[in-house]
Amino acid sequence: MLESDKKSGIYYDRFMLICIISSIIPLCFKESTPLFMWIDRITVVVFITDYLLRWFTSDLKYPEKKVAAFLRYPFSFFAIVDLLSILPSLTVLNSGFKLFRLFRLNKAFKALRLLRYSKSFNLILSVIKKEKKGLYAVCILAGGYILLSALIMFQVEPNSFDSFFDAVYWAVVTLTTVGYGDIYPTSDVGRVVSMLSSFMGIAIVALPTGIITAGYMNELNQDK
């Protein structure tokens, strides 16, 4: 890549960062002013243009043939993030589409666009891709344990849970050791199951953390 191309890329990234930060500022205020409306309109046009340009040049990112690259790009992580950040603001361009009004609740997705320009996040994303088999196994283990502990607790504490979903919610909260306290066992047997679930939760949560940490250190050593 030529030096001029590198500088152009740096300037473009800085310009996009300014646009992303500018689009987030109105979300920090409850009131909507004409200035905020114009910021939203201008930034959404920039985001749409950026999305289309990245889509049209997706054959440069993926080694597949041109058509396959165009079909693959919309389903990539950052393409989905870009789309989620664009859809809420389309209500500003045309408020007649009721479908777009539903996305107004997700305007905070604009902040996710900052992840594209974060080297640390891209490094972690690379680690997750390389360690996906181990992480997948841990997710299967965690999901199975959540369902099993929820089923046991639902049978042991029928009066504490209105539905099986409440038991699953309790299992997830216990697994992550958050413990909101809105749902809790009242019998001795239920408390014993809860204690065991908490200990197991610490072990299961530590597994993906260790995998990602080890992969992250390997990536840093390779960069050095």
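The values are calculated or read from the model by the stated rules, or taken from the named source; none is laboratory data. Just so we're clear, the structure is a prediction, and the values are computed from it rather than from any experiment. In this analysis, Cβ positions are derived from the backbone assuming ideal geometry, glycine residues included, and neighbour counts consider all displayed protein chains. SASA here: full protein model, heavy atoms, side chains in, ligands and nucleic acids out. Shrake-Rupley method; radii C 1.70, N 1.55, O 1.52, S 1.80 Å.
Summary of values
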{"quantity": "Residue check for Val193: of a type outside the set (D, E, K, R), out of contact with any Gly (no Cβ under 9 Å at 6 or more places or on another chain) and crowded, with 17+ Cβ neighbours inside 10 Å", "calculated": "yes"}
{"quantity": "Count of the range 123-139 residues which are within 19 Å of the chain's Cα centre (by Cα) and open to solvent by 60 Å² or more (accessible area, probe 1.4 Å)", "calculated": "8"}
{"quantity": "Among the candidates Val168, Val173, residue that is surrounded by 13 or more Cβ atoms within 10 Å (Cβ to Cβ), in a helix (DSSP H, G or I) and out of contact with any helix residue (DSSP H, G or I) (no Cβ under 8 Å at 6 or more places or on another chain)", "calculated": "Val173"}
{"quantity": "Tabulated pairs, the range 41-63, first farther than 19 Å from Tyr117 by Cβ, second open to solvent by 80 Å² or more (accessible area, probe 1.4 Å) and part of a helix (DSSP H, G or I), C-beta under 8 angstrom, 6+ apart or interchain", "calculated": "Arg41/Leu93; Asp59/Lys66; Tyr62/Arg72"}
{"quantity": "Residues of the range 29-43 that turn out to be open to solvent by 70 Å² or more (accessible area, probe 1.4 Å), among the acidic types (Asp, Glu) and under 18 Å from Lys110 (Cα atoms), as a count", "calculated": "0"}
{"quantity": "Residue count, the range 63-80 (criterion: surrounded by 14 or more Cβ atoms within 10 Å (Cβ to Cβ), among the aliphatic types (A, V, I, L, M) and under 23 Å from Val44 (Cα atoms))", "calculated": "1"}
{"quantity": "Residue that is within 17 Å of Lys110 (Cα to Cα), among the acidic types (Asp, Glu) and at pLDDT below 85, where the choices are Asp59, Asp5, Asp50, Asp13", "calculated": "Asp13"}
{"quantity": "Residue within the range 81-104 that is open to solvent by 30 Å² or more (accessible area, probe 1.4 Å), among the small types (Gly, Ala, Ser) and either at pLDDT 75 or above or under 16 Å from Leu17 (Cα atoms) (or both) present", "calculated": "no"}
